[in-house]
């Protein structure tokens, strides 16, 4: 029995995915279908590279549509509320080893480590979840261990 994994995404990301899905279904798929029909009308399909390219493009678009639909079906939209503890959707300022860092805890599909957007499933994300302002948490990985002090949650 397969268990559906919850994907945490922001409201903005959900809207972006819905727009992409609409474009793929209403514009891209009909356009590709038209191109496939035109390529078929050219004759011999075995020597028709355009037909092969359009079929491949159709498969990619169909796969992307399925991926977006599955993501949205299992998505939990992060609501904008006042947080008192670190949760998915919060931005947290921490002090670690004498410096301050800022992280936004996001779902796996929105991770951008270079922008400070870390997954709730990452070692740092897991350790910070549930922590309150002023609390210290231990972050441990196979190669790293540090105490993170929660300075602010927003």
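The values are calculated or read from the model by the stated rules, or taken from the named source; none is laboratory data. What you see is a predicted model, and the numbers here were worked out from it, not measured in a lab. Backbone-built Cβ (ideal geometry, glycine too); neighbour counts: all protein chains shown.
Being in contact (Cβ under 8 Å) with a residue 60 or more places away in the chain, over 30 Å from residue 34 (Cα atoms) and outside any strand (DSSP E or B): is that true of residue 143 here?
Taking the combined requirement at face value, the residue does not satisfy it.
Within region 115-138, how many residues turn out to be within 21 Å of residue 15 (Cβ to Cβ) and touching a residue at least 40 places away in the same chain (Cβ under 8 Å)?
Number of matching residues: 1.
Anything in region 128-139 that is in contact with a helix residue (DSSP H, G or I) (Cβ under 7 Å, 6 or more places away or on another chain) and either at pLDDT below 90 or surrounded by 15 or more Cβ atoms within 10 Å (Cβ to Cβ) (or both)? List them, or say none.
Matches in region 128-139: 137, 139.
How many residues does region 115-127 contain that are in contact with a helix residue (DSSP H, G or I) (Cβ under 8 Å, 6 or more places away or on another chain) and part of a loop (DSSP other than H, G, I, E, B)?
Matching residues across region 115-127 total 2.
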